[in-house]
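Beneath this line is the structure, given in structure tokens, with notes to follow.
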Amino acid sequence: MILVFELSMPRRGSWDGGWSGSKDYFARTRTFRKAEECRQATDLIGSYRYAWDDGWCAQVDVRQVDGKEAAKIRRASKGFCEYDWMIDSIIKYGEIRDPSKSRQE
């Protein structure tokens, strides 16, 4: 099973309300092979939000894709803006948690 994690910034706290990456596509794929991993991965499909105190809000949309679409996504993606910790948090906790708090657990 392959999941794609797609990043957007629906709320921006910048002076002009813009985001320099708004025209780019930011996504990562993750492959789950074991039966138990696949069952758990199915529960991750959906949308997740994370808000910072400065007014910015990130959204990560998760959906299942096939191998062909995953390859296209990998070619088109500009990375994940160094927010891979959000993907790790979704997989581990089923939500996006503050990375400083997650390290304490």
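Values in this text are rule-based calculations from the coordinates and carry no lab data. Since the model is a prediction, treat every value here as computed from it, not as a measurement. Positions of Cβ are backbone-derived with ideal geometry, glycine not excepted, and every protein chain shown enters the neighbour counts.
Give, rounded to the nearest 20 debye, the magnitude of the charge dipole that region 43-105 has about its Cα centre when Lys and Arg contribute +1 at Cβ and Asp and Glu contribute -1 at Cβ.
Computed about the Cα centre, the dipole is about 340 debye.
Could you pull out every one of the lysines with an alpha carbon less than 28 Å from that of Lys34, ignoring same-chain neighbours closer than 8 positions?
The reachable lysines, counting only those whose Cα sits under 28 Å from Lys34, are Lys68, Lys72, Lys92.
With a cap of 14 neighbouring Cβ atoms within 10 Å, and only residues DSSP puts in a loop, list the chymotrypsin sites (Phe, Trp or Tyr not before Pro) found in region 17-64.
Tyr25, Trp52
With everything on Cα atoms, drop me the angle between helix 67-76 and the longest principal axis of the chain, reported from 0 to 90° to the nearest 10.
30 degrees
Mind putting a number on the dipole of the chain about its Cα centre? Charges go on the C-beta only, +1 for Lys and Arg and -1 for Asp and Glu, and I need it in Debye to the nearest 20.
400 debye
Using only C-alpha atoms and all pairs of different ones, pull out the Kirkwood radius for the chain in Å with one decimal.
One over the average 1/r among Cα pairs gives 14.6 Å for the chain.
Which residue, Arg33, Arg74, Arg63, tops the fluctuation ranking in a GNM of the chain built on C-alpha contacts under 10 Å?
Arg33
Kindly express, to the nearest 10 degrees and within the range 0 to 90, the angle between helix 84-93's C-alpha long axis and the longest C-alpha principal axis of the chain.
Computed tilt is about 60 degrees.
Could you work out [θ]222 nm for the chain from helices alone, using -39500 (n - 2.57) per DSSP H run of at least four and dividing by all its residues? Round to the nearest 500 deg cm²/dmol.
About -9000 deg cm²/dmol.
So for the pair Arg74, Ala51, with labels modelled 7 Å out along Cα→Cβ, what separation do we get in nm?
Result for the modelled spin labels: 3.7 nm.
What is the chain's relative contact order, in percent, from Cα pairs under 8 angstrom and six or more apart in sequence?
It comes to 35 percent, rounded to a whole number.
Please name whichever of Leu7, Ala71, Gln59 sits farthest to the positive end of the charge dipole of region 2-100, dipole taken about the Cα centre and charges placed at Cβ: Lys and Arg +1, Asp and Glu -1.
Ala71
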